[in-house]
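Trainee: Mind having a look at this structure? Questions to follow.
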Amino acid sequence: MLTELKDIILRSRATLIEDALGMVTLFSLLIVGLYISGNA
């Protein structure tokens, strides 16, 4: 099972990186939006 997971991660590394960057971007936008609305 661990080798299967390792193979899946190795095959989809580019997609995982893109998903992680997208998640960071969305959370950053959420935090900025909450910060701006709190100071308005």
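Rule-based calculations on the coordinates, nothing more; no lab input. Small disclaimer: the values here were computed from a predicted structure and weren't measured. Here the Cβ positions follow ideal geometry from the backbone for every residue, glycine too, while neighbour counts run over all protein chains shown.
Trainee: Please report Ser12, Ser37 as a ranked list, fewest other C-beta atoms within 10 angstrom at the top and most at the bottom. List each step's numbers first, then the result.
Mentor: Details: Ser12 12, Ser37 8.
Lowest to highest Cβ neighbour count: Ser37, Ser12.
Trainee: Using Cα atoms only, what is the angle between the long axis of helix 2-11 and the major principal axis of the chain, expressed in degrees (0 to 90) to the nearest 10?
Mentor: Here the helix axis deviates by roughly 60 degrees.
Trainee: Still on this structure, please answer the following. With N set to the residue count of the chain, report its C-alpha Rg divided by 2.2 N^0.38 Å to two decimal places. Don't jump to the answer; show the numbers that get you there.
Mentor: Details: Rg = 16.4 Å, N = 40, 2.2 N^0.38 = 8.9 Å.
The chain yields a ratio of 1.84.
Trainee: With the crude spin-label approximation of a point 7 Å out along Cα→Cβ, what separation in nm comes out for Leu5 versus Val24?
Mentor: 2.3 nm
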